[in-house]
Amino acid sequence: MHVFAYGSLLNPGSLRATLAHLGLEACLPARLPGYLRCFDVAFPNDGSQPDKRYEFPDGSTPPGVLLGNIRPSEHYAVNGIAIPIDDGDLDRLNDRERRYDLVDVSGRAVAYPGGGPLAGRVLTFVGKPEFAATRFPGAVASRAYLDVIIAGAKHWDAVAPEFYHLTMACTEFPAPGRIAELERINL
């Protein structure tokens, strides 16, 4: 079984924060045709979430914080990595990705670049409707979060040529006015 990861899990440090035992060499660069990477999920920054909150440098808080997601798009193939997992790993990832639904993309995810379908069951995380960014007017993306994703793409570029450039081409980033310096505070 694999999880197709396309956001912060691309970053080795972020991935190891959840799956410390995983060797990066076990992860396979992959693509998911028919999807675009976007930032249309929002973390509600109103105190309702038990795991974290975000603050601007002055201590004030945005109403929501934009998070990565994928959405159908016939013109794109989002890239990511296929992470081999077992049931315990899946439990840890489900806890981390609590604002997302687990979706089966078996038979659709393919090895990068241009390889055949990944063997076995392949799952990915897609934002839950209750966390749609449209429900949180004024939500912003954390510059640090975007930097984690970009650094992850650069890491995988060394393994899969053009991975970084494909990441940039298949991503709809937030507008510059919706990106802010934020401090993440774990609760």
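Restricting the stretch 134-151 to residues that are among the hydrophobic types (A, V, I, L, M, F, W, C) and within 15 Å of the chain's Cα centre (by Cα), which is nearest to Ala5 (Cα to Cα)? Can you show your working first?
Initially, the stretch 134-151 is screened for residues among the hydrophobic types (A, V, I, L, M, F, W, C), giving 136, 139-141, 144, 146, 148-151.
The next check asks that each one be within 15 Å of the chain's Cα centre (by Cα); those that pass are 141, 144, 146, 148-151.
Values: Ala141: 19, Ala144: 18, Leu146: 15, Val148: 13, Ile149: 11, Ile150: 13, Ala151: 14 Å.
In this case the residue turns out to be Ile149.
For every residue, the table says whether it meets (1) at pLDDT 95 or above; (2) among the aromatic types (Phe, Trp, Tyr); (3) more than 17 Å from the chain's Cα centre (by Cα).
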{"site": "Gly34", "(1), (2), (3)": "yes, no, no"}
{"site": "Val41", "(1), (2), (3)": "yes, no, no"}
{"site": "Asn45", "(1), (2), (3)": "yes, no, yes"}
{"site": "Pro50", "(1), (2), (3)": "no, no, yes"}
{"site": "Tyr54", "(1), (2), (3)": "yes, yes, yes"}
{"site": "Ser60", "(1), (2), (3)": "yes, no, yes"}
{"site": "Pro63", "(1), (2), (3)": "yes, no, yes"}
{"site": "Leu67", "(1), (2), (3)": "yes, no, no"}
{"site": "Arg71", "(1), (2), (3)": "yes, no, no"}
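Which residue is nearest to Tyr112 (Cα to Cα), if the candidates are limited to the stretch 1-16 and must be within 14 Å of the chain's Cα centre (by Cα) and assigned to a helix (DSSP H, G or I)?
Within the stretch 1-16, the first condition is being within 14 Å of the chain's Cα centre (by Cα), and the residues that meet it are 3-15.
The next check asks that each one be assigned to a helix (DSSP H, G or I); those that pass are 8-10, 12-15.
Numbers: Ser8: 19, Leu9: 17, Leu10: 14, Pro12: 18, Gly13: 22, Ser14: 21, Leu15: 19 Å.
Only one residue fits best here, namely Leu10.
I'm trying to understand the selection: among the residues of the stretch 18-71, which are among the hydroxyl-bearing types (Ser, Thr, Tyr) and within 30 Å of Ala160 (Cα to Cα)? Walk me through it before giving the result.
Here is the first cut: in the stretch 18-71, the ones among the hydroxyl-bearing types (Ser, Thr, Tyr) are 18, 35, 48, 54, 60-61.
Selection gives Thr18, Tyr35.
State the number of residues belonging to the stretch 151-168 that are part of a helix (DSSP H, G or I) and touching a residue at least 40 places away in the same chain (Cβ under 8 Å).
If we filter the stretch 151-168 for residues that are part of a helix (DSSP H, G or I), which is where we start, we get 151-157, 163-168.
Okay, now just the ones that are also touching a residue at least 40 places away in the same chain (Cβ under 8 Å), so 151-153, 155-156, 163, 166-167.
Selection size over the stretch 151-168: 8.
Would a scan of the stretch 170-183 turn up a residue that is surrounded by 14 or more Cβ atoms within 10 Å (Cβ to Cβ), in a helix (DSSP H, G or I) and of a type outside the set (A, V, I, L, M, F, W, C)?
Checking the stretch 170-183: at least one residue is surrounded by 14 or more Cβ atoms within 10 Å (Cβ to Cβ), in a helix (DSSP H, G or I) and of a type outside the set (A, V, I, L, M, F, W, C).
The rows are residues; the columns are (1) in a strand (DSSP E or B); (2) in contact with a helix residue (DSSP H, G or I) (Cβ under 7 Å, 6 or more places away or on another chain); (3) free of Cβ contacts under 8 Å to residues at least 12 places away in the same chain.
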| site | (1), (2), (3) |
| --- | --- |
| Asp91 | no, no, yes |
| Asp95 | no, no, yes |
| Arg98 | no, no, no |
| Asp101 | yes, no, no |
| Arg108 | no, no, no |
| Gly120 | no, no, no |
| Phe125 | yes, no, no |
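The values are calculated or read from the model by the stated rules, or taken from the named source; none is laboratory data. Quantities reported herein were computed from a predicted structural model and do not represent experimental measurements. With ideal geometry, Cβ positions are generated from the backbone for all residues, glycine too; neighbour counts draw on all protein chains shown.
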